[in-house]
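First the structure, in the form of structure tokens, and then the observations on it.
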Amino acid sequence: MPDNNILVVEELKKYYPLKGGIIKHTVKYVKSVDGVSFSVGRGKTFALVGESGCGKTTVGRTILRLTEPTGGRAYLDGQDIFRMRQKELAKNIRPKMQMIFQDPFASLNPRIPVGEAIKEPVRAHRLVPKEELMEYTLDIMKHCGLPSYFAGRYPHEFSGGQRQRICIARALAMKPALIIADEPVSALDVSIQAQIINLMKDLQEEYGLSYLFISHDLSVVEYLADEVGVMYLGSIVEHADKEELFRNPMHPYTRALLSAVPIADPYRKMKRIVLGSDIPSPSNPPRACKFHTRCPHAMPICSEIAPKYKDYGGGHCVACHLYPQ
Amino acid sequence: MWFKNREKAPIAAEASANMKDSSNVLEIDDLKVHFFTDDGVVKAVDGISLDIPKNTTVGIVGESGCGKSVTSMSIMRLLQEPPASIVGGEIRLNLGDDALDLAKMNKDSMRRIRGKEVAMIFQEPMTSLNPVFTIGEQLMEGILVHRPDIGNAELKGKVIELLKMVGISRSEEIVKSYPHELSGGMKQRVVIAMALSCEPRLIIADEPTTALDVTIQAQVLELMRELKDRIHTSIMLITHDLGVVAEMAEMVVVMYAGRIVEQGTVYEIFENPLHPYTRGLMKARPTKDNKSKRLYSIEGNVPSPVGLPDYCYFHNRCEESEEDCKNEYPTLVSVTPTHKVSCYVANKENKNA
């Protein structure tokens, strides 16, 4: 395994059983994540993009083993995450891998002052000696733009942007190598969103953090990511460097996603690719290429044979029949 | 149904009004909506004036807590009173021959306006549909309230036609299904169909696409644009997404902490934004063309709505603020006949130019 990757995920699968019939046996599986592979470079940001229900959040949760994977392998710093027992996991993996959740209103305990919330994991893992704990907490808070007098206050006293800063501080206090950020800015206002994105960028430079950034907002992704993987119904359909992906999107789904973002320019009433219908149910996905039901370029072959996921030069991988298989 | 033979409440005489300009559908004049809470008076909307001309889309932009939703709720008179109260101002609705001041309407007579003259599309399609009634029943109710004498066959035909209009293909089956059986985009289409059912003069869309995915948002925006021209209605589009506004609106109103800070046509606002807040909002958007390393961000937070200062509310976050800004709150000054801004700095620049 190359050493410059902090996280390597191979063929990750997560199936949820669907029960049915009289005796409630498993009739079929919802393939929420179906064979996803990617890696996150040290100090880099990998972004997973897709619509709701495409499985991007499940990927993040299974890597942390907040839900148990069905198959596949994941390595953090060369350690096999999926083979570990809970105790080892808590000792070796969780401190190095932290998560920031989407909704800062739901991810902080309303009864615990924020200083305590940030301190708690540090104390549990005995990261710093007891005497220095308070000082350490305040230092982390300062780095996240939180003044020290906030430490004694409760979450309800803060606005959304401040709470997200607290969540970031809590994740950062563990001095993790990797932060999994699940839509960290989508619940925030535009002007606050910019503050949080800048903060995440600054901290990355300062601490050499790696991010797995999960989002549906391509404009935010373009700002933060180094590499982007586009997910559709449980699999990655396109993967490339950020520049390459935004300059030359190859998969019709990526193109549609890009063109769907409204542009703040009244003169550019552009022609956009409007996808027909909705995302199909993951419990009953279309055969072969899962995108063929909505694809503007669908051909007969698309509903018969699943396209191969191939590298078309420079690490730009696509699974689509439009390109030579 | 129970409401079929309900007597209609008379409209109070003091609610009649005169339009300033008969080409407007709605005129809001110095509207003040305050909330009387234990912590003090929250001036959620504090003296806003805006016109919505016929067959146009007016976009209202602002962050959460700026009063954009309160404005729309007070047009519909859906605010809970108390604690809310319309303290002053007029909301004039053009009914063709005469006009009504919605701010003075009583609770019962408002029922004749809601849905029929002014309809609303809410942010969350999941919560704005009733889970225990079928789509058909919910669509029929709205039509029946305003047209109790409509025949059964006509009613059914109308509902199916409405669903077809919003691009739902299997409308005969969808009529019989319940909201949970539909996807988010479909539900929002149903809500739009409901808003259209009585061909209202004005549709208020409160963040209609915020809860939807980008691809579905594109579908819904396209649909709204098409329908606006088809039934000749005006849309008041409330959003925090400048991209959506640029695409949909003809006029733009920017709100901050309960007041209008800038308004104008969409071209004026996007080409020549004058208020520092508007400029900040535009710069803060991560876009493809914005290639700089760091995103621009407006420092600080939206001020607490209780105990706002006497001077410009944006002063503490403003980069361009000067001595004058500590004076009383700046008035809205016209730059062109359509473009207005409330800022000392912007006005000074304009005079010099």
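Which residue pairs have Cβ atoms closer than 6 Å, lie 6 or more positions apart in sequence or on different chains, and pair a first residue in segment B:146-173 that is more than 21 Å from B:E117 (Cβ to Cβ) with a second residue that is acidic (D, E) and open to solvent by less than 100 Å² (accessible area, probe 1.4 Å)? If the second residue must be acidic (D, E) and open to solvent by less than 100 Å² (accessible area, probe 1.4 Å), no pairs are left. The listed residues are B:G151, B:G184, B:G136, B:G157, and the only one of them that is more than 14 Å from chain A (Cβ to nearest Cβ), of a type outside the set (D, E, K, R) and crowded, with 16+ Cβ neighbours inside 10 Å turns out to be B:G136. Just one of the listed residues (B:A211, B:A249) is crowded, with 20+ Cβ neighbours inside 10 Å and touching a residue at least 12 places away in the same chain (Cβ under 8 Å), and it is B:A249.
Within segment B:102-119, does at least one residue satisfy the condition of being under 13 Å from the mean Cα position of the chain (by Cα) and over 20 Å from B:K20 (Cα atoms)?
First pass over segment B:102-119, keeping only residues under 13 Å from the mean Cα position of the chain (by Cα): B:118-119.
With the extra rule that they be over 20 Å from B:K20 (Cα atoms), the set shrinks to B:119.
Checking segment B:102-119: at least one residue is under 13 Å from the mean Cα position of the chain (by Cα) and over 20 Å from B:K20 (Cα atoms).
Residues in segment B:327-346: is at least one open to solvent by less than 50 Å² (accessible area, probe 1.4 Å), polar (S, T, N, Q) and in contact with a Pro (Cβ under 6 Å, 6 or more places away or on another chain)? The answer is yes; a qualifying residue exists. Among the residues of segment A:189-231, the ones that are touching a residue at least 40 places away in the same chain (Cβ under 8 Å) and of a type in the set (A, V, I, L, M, F, W, C) come to 13 in all.
For segment B:13-45, filtered to residues that are over 30 Å from B:H232 (Cα atoms) and acidic (D, E), the residue that is surrounded by the fewest Cβ atoms within 10 Å (Cβ to Cβ) is B:D38.
If the condition is being surrounded by 13 or more Cβ atoms within 10 Å (Cβ to Cβ) and of a type outside the set (A, V, I, L, M, F, W, C), then segment B:218-235 contributes B:Q219, B:E222, B:R225, B:K228, B:T233, B:S234.
If you go through segment B:46-96 and pick out every residue that is in a loop (DSSP other than H, G, I, E, B), touching a residue at least 40 places away in the same chain (Cβ under 8 Å), open to solvent by 20 Å² or more (accessible area, probe 1.4 Å) and of a type in the set (G, A, S), you end up with 2.
Among the residues of segment B:88-127, those that are closer than 19 Å to B:I235 by Cα and among the small types (G, A, S) comprise B:G96, B:A99, B:G115, B:A119. Here A:L233 meets the list (1) surrounded by fewer than 24 Cβ atoms within 10 Å (Cβ to Cβ); (2) more than 11 Å from every other protein chain (Cβ to nearest Cβ); (3) in contact with a Pro (Cβ under 7 Å, 6 or more places away or on another chain); (4) closer than 30 Å to B:S304 by Cα almost entirely, failing just condition (4).
For segment A:97-112, does any single residue satisfy the condition of being basic (K, R), more than 18 Å from the chain's Cα centre (by Cα) and in a helix (DSSP H, G or I)?
First, the residues of segment A:97-112 that are basic (K, R): A:111.
Add one more test, that the residue is more than 18 Å from the chain's Cα centre (by Cα), and what stays is A:111.
Now drop any that are not in a helix (DSSP H, G or I), which leaves none.
Among the residues of segment A:97-112, not one is basic (K, R), more than 18 Å from the chain's Cα centre (by Cα) and in a helix (DSSP H, G or I), which makes the answer no.
The set of residues in segment A:113-150 that are without any contact (Cβ under 8 Å) to a residue 24 or more places away in the chain, assigned to a helix (DSSP H, G or I) and of a type in the set (K, R) comprises A:R123, A:K130, A:K142.
The values are calculated or read from the model by the stated rules, or taken from the named source; none is laboratory data. Just so you know, these numbers come straight off a predicted model, no measurement behind them. With ideal geometry, Cβ positions are generated from the backbone for all residues, glycine too; neighbour counts draw on all protein chains shown. Protein only, heavy atoms only, side chains kept; ligands, DNA and RNA dropped before computing areas. Shrake-Rupley method; radii C 1.70, N 1.55, O 1.52, S 1.80 Å.
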